[in-house]
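Structure record follows, encoded as structure tokens.
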Amino acid sequence: MGTPLLRFSARPVRRGVLRTLGAALLAGALLAGGPAGAAYATDVADATPTASAPSSAPSAAQLPPDGDQVASPPGANDWSCRPTAAHPEPVVLVHGTFANRYENWLALAPLLKSKGYCVFALDYGMVPGITSSGSGLLLPIGGLGPADESAAQLGRFVDLVRAATGAAKVDIVGHSQGGMLPNYYLKFLGGAAKVGKVIGLAPSNHGTTLDGITNLVPYFPGVADLIYTACKACRDQVVDSAFNRRMATLPDTVPGVRYTVISTVYDEVVTPYRTQFLSGPNVDNVVLQDHCPVTLAEHVAIAFAPTALHLVTNALDPAHATPVFCG
């Protein structure tokens, strides 16, 4: 699923997410450090709901249908960036449900940029008129459209990144639905030859029961219809949905791709949390609390938790992995 930040959602939920994001931004700035921290502060101050693309960026006609509806997070979408020998594969960041690229990747994008990666982030699955203020800005949110269509948007974005950078493959880091969509792209849309690594933060790989809430849907059909009309991806991510039944027709993984799943025992959105794990070769299923027993990071905060971000950077560059500290 993703970040529950609907504009018409309850104010207490929004305030809780704001507190989470506030702490998360501080963690991201500390992790990025040095010049990246300064760049982060400047970019946040200058952020606006509409991004201005560099001259070397793809044209509006080339971008996925949602285009550049939301400002890029700090460090992302420099279309003039060229991968280095140390980091030959650009990193594509994929946000979750009820989220957008700016809010979801305020911590990770500048961190990866400070480490020398070419970083790109897309918006997908937008529904007009639905916005959030999770970061203090009124921004469109996405991840709402049918999951198979969103996976196709991801595929087109990957092709744009490869064309702009000259890279044969990209690595993908996704949160929640954004951690699951790459699997569909790899399995059914020809993405396997274009991706080296897939790293999912709390990914909805096998659907969710939302702590059992989805089991109540048959008893409240009007409410379910309202939610699923606005968010077709929500229906797709329910356990045993038609989308998940199709996903299950093929193995969890495809040959040649390295997978990392990073989960938290406190996930209240993609439940049970162990359903996030993948089976197959070249898979690392990691539980955040195995590295930091005291962390209370849940589904939203895992995208900003320092321990989780350290696990991401280790998974992207395992040859230079460093000991993971609790934070």
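The values are calculated or read from the model by the stated rules, or taken from the named source; none is laboratory data. All of these numbers come straight from a predicted model, not from anything done at the bench. With ideal geometry, Cβ positions are generated from the backbone for all residues, glycine too; neighbour counts draw on all protein chains shown. We work out accessible area using only protein heavy atoms, side chains counted, and drop any ligands, DNA or RNA first. Shrake-Rupley method; radii C 1.70, N 1.55, O 1.52, S 1.80 Å.
When the accessible area of the range 180-284 is computed with all protein chains present and a 1.4 Å probe, what percentage of it is carbon and sulfur?
Values: 2950 of 4700 Å².
Accessible surface attributable to carbon and sulfur in the range 180-284 totals 63 percent.
Cut-off under 23 Å on the C-alpha distance; same-chain residues fewer than 8 positions from Lys169 excluded. Which lysines are left, in chain and number order?
Counting by Cα, and skipping residues close in sequence, Lys169 has these lysines nearby: Lys113, Lys115, Lys187, Lys194, Lys197.
When ligands, DNA and RNA are left out and all protein chains stay put, how many square angstrom of accessible area per residue does the range 162-309 have with a 1.4 Å probe? Walk me through the numbers before you get to the answer.
Numbers: 5940 Å² over 148 residues.
Per residue, the range 162-309 has an accessible area of 40 Å².
Amide H neighbours of Val238 under 5 Å, at least 5 residues apart or on other chains, H built in the peptide plane: list them.
Thr208
For a quick check: with amide H placed at 1.01 Å from N, whose amide H comes under 5 Å from Val195's, ignoring anything fewer than 5 positions away on the same chain?
Amide H neighbours of Val195, under 5 Å, 5+ apart: Val170.
Please list, or write none, the aspartates and glutamates whose alpha carbon is within less than 15 Å of the alpha carbon of Lys232, excluding same-chain residues fewer than 8 places away.
Partners found: Asp148, Glu149, Asp240.
Between Asp78 and Ala230, with labels modelled 7 Å along Cα→Cβ, what's the label distance in nm to one decimal, could you check?
Reported label-point gap for Asp78 and Ala230 is 3.8 nm.
What number do you get for the range 184-327 when its Cα radius of gyration is normalised by 2.2 N^0.38 Å, N = residues? Kindly include the intermediate steps, with their values, before the conclusion.
Working: Rg = 16.4 Å, N = 144, 2.2 N^0.38 = 14.5 Å.
Here the Cα radius of gyration is 1.13 times the empirical estimate.
Considering amide H positions built from the backbone, and no H for Pro or chain starts, which residues 5 or more places from Thr260, or on another chain, come under 5 Å of its amide H?
Val198, Ile199, Gly200, Asp284
Show me the ranking of peptides 193-199, 283-289 by mean Cβ neighbours inside 10 Å, starting with the highest. Before the final figure, lay out the partial values.
Numbers: 193-199: 20.7, 283-289: 17.7.
Per-residue mean Cβ counts within 10 Å order the peptides as 193-199, 283-289.
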